[in-house]
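Enquirer: Got a structure for you, written out below as structure tokens; questions coming shortly.
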Amino acid sequence: MVTLLYVLAFLCPPLAVYLDIGAGPELRLNIILTILGWIPGIIHALYILSIHPPH
């Protein structure tokens, strides 16, 4: 499951953040970053995945 989240972080960063921590301010920030530029969204998603332990 963890590997799938990292793959999703590259393909669809908001989906990876949502599946990891659910809806909240981090998801909204990731959506904004992804709209502004794909790379900032990916970086933020990878950061979120790295600071939250897997379920």
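The values are calculated or read from the model by the stated rules, or taken from the named source; none is laboratory data. These numbers come from a predicted model, not from an experiment. Glycine gets a Cβ as well: all are built from the backbone with ideal geometry, and neighbour counts include every protein chain shown. Note: areas computed on protein heavy atoms with side chains; ligands, DNA, RNA excluded. Shrake-Rupley method; radii C 1.70, N 1.55, O 1.52, S 1.80 Å.
Enquirer: Which pairs have Cβ atoms under 7 Å, sit 6 or more apart or on different chains, and link a residue in the range 33-55 that is closer than 14 Å to Leu19 by Cα and open to solvent by 80 Å² or more (accessible area, probe 1.4 Å) to one that is assigned to a helix (DSSP H, G or I) and of a type outside the set (Lys, Arg)?
Expert: Qualifying pairs under 7 Å: Pro54/Val2.
Enquirer: Return a yes/no flag: does the range 11-18 have any residue that is in contact (Cβ under 8 Å) with a residue 40 or more places away in the chain, among the hydroxyl-bearing types (Ser, Thr, Tyr), surrounded by fewer than 20 Cβ atoms within 10 Å (Cβ to Cβ) and not in a loop (DSSP other than H, G, I, E, B). Don't jump to the end; show me each part of the working.
Expert: Here is the first cut: in the range 11-18, the ones in contact (Cβ under 8 Å) with a residue 40 or more places away in the chain are none.
No: zero hits.
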